[in-house]
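Comments concern the structure below.
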Amino acid sequence: MRLSSITGPIGLTLLTTASLAASHNDTSWAKAGVPFEQYVHDAKGCADTSRTVSVSIKPDTLRQLDALSSGALLDIAIQASQSPDFNPMMVVEGPKSQKSADNIARRTNTFGGRYIAIVRPNVKDELQEFLDKCLRERGYVQIGLTADQKTRLSRLKLHSAERTAYLHSIDSDPAVIDQQRVTPDI
């Protein structure tokens, strides 16, 4: 399995989007009565610990990437075969010159955007699991956000003090937690 190390700004970016308002803004992490300073500290702490997490691309995703890159290579070969100076070995030699036969997907300019779009959910899911575990260990529980709460959040700028304050007002309220707590799948 191929591994990548996630470092730098990704951990900080996850602070608001993953720690305070988890996946797709449908849920958030709450702890009854948590002071604002502790809430921010916990979110930053969990985000910071994710900086060096090693993530892997799932086998199904690798198969999808292999199929797409093979299709892209076949398309290049078909288009080039109409040229009189076409040498089929050009298609084969490209990957060999990179010394990595299983790394075709990342080497073509046209495939880069698709590669990122396909791999991003793997990375996001694995990092989200790590952040969720960290927040649980600090005593937070997941709550589902109401339609009104989601609407209000959508009007607040990401990473803004106003958004963090609004999330804290929801996430520290024991009544909200009692009514909106998400039961984890066991």
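Please pull out the direction-averaged projected area of segment 29-78, using the convex hull of its alpha-carbon atoms, in nm² to one decimal place. Numbers along the way, then the final one.
Working: hull surface 24.2 nm².
Approximately 6.0 nm², given one-decimal rounding.
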Taking the highest mean first, how do the peptides 49-57, 148-156 order by number of other beta carbon atoms within 10 angstrom per residue?
-> 49-57, 148-156
Round to a whole angstrom and tell me the spacing of the C-alpha centers of segment 163-177 and segment 141-162.
-> 10
Average accessible surface area per residue within segment 26-78, 1.4 Å rolling probe, Å² = 51
Give the long-range amide H neighbours of V55: residues separated by 5 or more places, or on another chain, with amide H under 5 Å away, using H modelled in the peptide plane at 1.01 Å from N.
-> S4, I6
Tabulate in residue order the Karplus-calculated ³J(HN,Hα) for segment 37-44, using 6.51 cos²θ - 1.76 cosθ + 1.60 with θ = phi - 60°, rounded to whole Hz; enter x for Gly and Pro.
-> 4, 5, 4, 5, 4, 5, 4, 5
Could you give me the ³J(HN,Hα) list for segment 172-179, computed from phi with Karplus coefficients 6.51, -1.76, 1.60 and θ = phi - 60°, whole Hz, x at Gly and Pro?
-> 9, 7, x, 5, 5, 4, 4, 7
How far apart, in nm, are the 7 Å Cα→Cβ label points at D125 and A32?
-> 3.4
Enumerate the amide H contacts of L145 below 5 Å, restricted to partners 5 or more residues apart or on another chain; note that Pro and chain-start residues carry no placed amide H.
-> T27, S28
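The values are calculated or read from the model by the stated rules, or taken from the named source; none is laboratory data. Given the structure is predicted, the values throughout are model-derived calculations rather than measurements. So basically every Cβ, Gly included, is an ideal-geometry build from the backbone, and we count neighbours across all protein chains shown. Quick note on the areas: whole protein, heavy atoms, side chains included, nothing else; ligands and nucleic acids left out. Shrake-Rupley method; radii C 1.70, N 1.55, O 1.52, S 1.80 Å.
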